[in-house]
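The values are calculated or read from the model by the stated rules, or taken from the named source; none is laboratory data. The structure presented is a predicted model; accordingly, all values stated were derived computationally and were not measured. Note that we place each Cβ from the backbone using ideal geometry, even for glycine, and neighbour counts take in every protein chain shown. The accessibility values were calculated without ligands, DNA or RNA, using every heavy atom of the protein model including side chains. Shrake-Rupley method; radii C 1.70, N 1.55, O 1.52, S 1.80 Å.
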Amino acid sequence: MKKIALIGSTGSIGRQVLEIVDKFPEKFKITAIAANRDYKGIEAQMWRYKPDIAVLSDAEYANKITSVPKETSLYYGENALMHAAVSDADLVFVAVMGFAGFKATVAAIKCGKDVAIANKETLVAGGEYVTKLADSLGVNLIPVDSEHSAIWQALDFDRKKPFTKLIITASGGAFRDEPIENLEKVTAKDALNHPNWQMGAKITVDCATMVNKGFEVSEAKWLFNCDADKIEVLLHRQSIIHSMVEFIDGSVISQMAVPDMKIPISLALNYPERLDLGLDRLNLKGKSLTFEDIDVARYPCFPLVLKAIKAGSNYPCAVSAANEVAVNAFLQGKIKFTDIYGFLADALERTTEKSIDYETVIETDILARSRAISRLSTKFNQ
Ligand code: MG
């Protein structure tokens, strides 16, 4: 029985983790859950799973919780997430969105716990620090993102196995066929209409800008310990091949499946063994697979994120923080889709290079976030 601390239990990935736990109760037990402000969700989950620990980060909403099972200790407030991260679990599953995942991941690693990382910002902002820390403590970092899970599967679940190239596939997001001149007018509702995947709001917007794909290059760089130049990104509209690995003899191994996050999630929970998830089978008959270059005129944020990744140090952290502010503003209808780019460019330009440690990551995040917020209030009259 594997004990799991699930951070971000009420979000899209978190709920899918719980669906798998529900399907295989003899294999997994939830010992901690954590959410940001979904007090109804966390209350229902507390009663359903009776974990040792439950957390609601936003203390204001914790007051609305009406009852807590006697088996569960409820913590709330900004630093409460740490209780879930350091709880008695075999695996800490970090599915929370945004920068909050970084602190929780670091806390879990410091306690010697393996971490399944579904939170991109952890590896984008602090990849260098987090991977070194994990290596030094013998902690396993397990990929959850579908592309990185595909690569991990092609490497026989061994992140250290040698390869010559990684090929990450991209669906292109909601606006891949929208005339470029229309992108100024698209709304959050349009952006949330992803052609292939069902995901949370922020990541769906990040897919439409392809900031997400830039972040995934960074994730791959740190998870598989390779230079960004060894990672190629191709537009693959069908989302059937989830990524590929090229080896020294020229062989390329890909992972294919219907686009469903339950596959990478279940492997993060149960690798190297696979589970029967009851999913649709891939039917390739009559299907064509296509691969295209990324159109940088359509996705100007993509080369910008790559530039930040290649610059390294704290640049990706700054760009990620500014992106979080900009995407939120776009989702709230405060800025246009095409305005997101300016926030990222501004963050890249105004950041002073600093070598990466825990404090630098936190400082860079705060500074870039506050600059993005003031850009929002001065340029967009908020
Ligand atoms: Mg992905």
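Here's the yes/no breakdown for (1) at positive phi; (2) surrounded by fewer than 19 Cβ atoms within 10 Å (Cβ to Cβ); (3) part of a helix (DSSP H, G or I); (4) in contact (Cβ under 8 Å) with a residue 12 or more places away in the chain:
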site	(1), (2), (3), (4)
V258	no, yes, no, yes
I263	no, no, yes, yes
L267	no, no, yes, yes
L277	no, yes, no, yes
N283	no, yes, no, no
K287	no, yes, no, yes
T290	no, yes, no, yes
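On the given criteria, is V92 buried (at least 20 other Cβ atoms within 10 Å of the Cβ), among the hydrophobic types (A, V, I, L, M, F, W, C) and touching a helix residue (DSSP H, G or I) at 6+ places or on another chain (Cβ under 9 Å)?
In short, yes.
When you look at T209, is it away from the ligand (no atom under 12 Å from the Cβ) and modelled with pLDDT under 95, yes or no?
On the way: away from the ligand (no atom under 12 Å from the Cβ): yes; modelled with pLDDT under 95: no.
So T209 does not fit the description; no.
Could you check how many residues of the range 27-76 are part of a strand (DSSP E or B) and over 12 Å from A5 (Cα atoms)? Talk me through it step by step, then tell me what you get.
We begin by selecting, within the range 27-76, every residue part of a strand (DSSP E or B); these are 28-35, 53-56, 73-76.
Add one more test, that the residue is over 12 Å from A5 (Cα atoms), and what stays is 56, 73-76.
So the count comes out to 5.
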Q. Considering only residues of the range 144-166 that are surrounded by 18 or more Cβ atoms within 10 Å (Cβ to Cβ) and of a type in the set (V, I, T), which is nearest to the ligand (Cβ to nearest atom)?
A. V144
Q.
Among the residues of the range 179-222, what is the count of those that are open to solvent by less than 60 Å² (accessible area, probe 1.4 Å), among the polar types (S, T, N, Q) and not in a helix (DSSP H, G or I)?
A. 1
Q: Name, by its number, the condition in (1) farther than 21 Å from H194 by Cβ; (2) within 16 Å of the ligand (Cβ to nearest atom); (3) touching an Asp or Glu at 6+ places or on another chain (Cβ under 6 Å) that does not hold for F99.
A: (2)
(Q) among the hydrophobic types (A, V, I, L, M, F, W, C), in a strand (DSSP E or B), crowded, with 22+ Cβ neighbours inside 10 Å and within 15 Å of the ligand (Cβ to nearest atom): which single residue out of V245, V233 fits that description? (A) V233
Q) Based on what the data block shows, is P264 within 16 Å of the ligand (Cβ to nearest atom) and at pLDDT below 95? A) no
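Out of all the residues in the range 218-228, which are away from the ligand (no atom under 11 Å from the Cβ) and in contact (Cβ under 8 Å) with a residue 24 or more places away in the chain? Full working, then the answer.
Start the filter on the range 218-228 by keeping residues that are away from the ligand (no atom under 11 Å from the Cβ), which leaves 218, 221-228.
Within the range 218-228, S218, K221, W222, L223, F224, N225, C226, A228 qualify.
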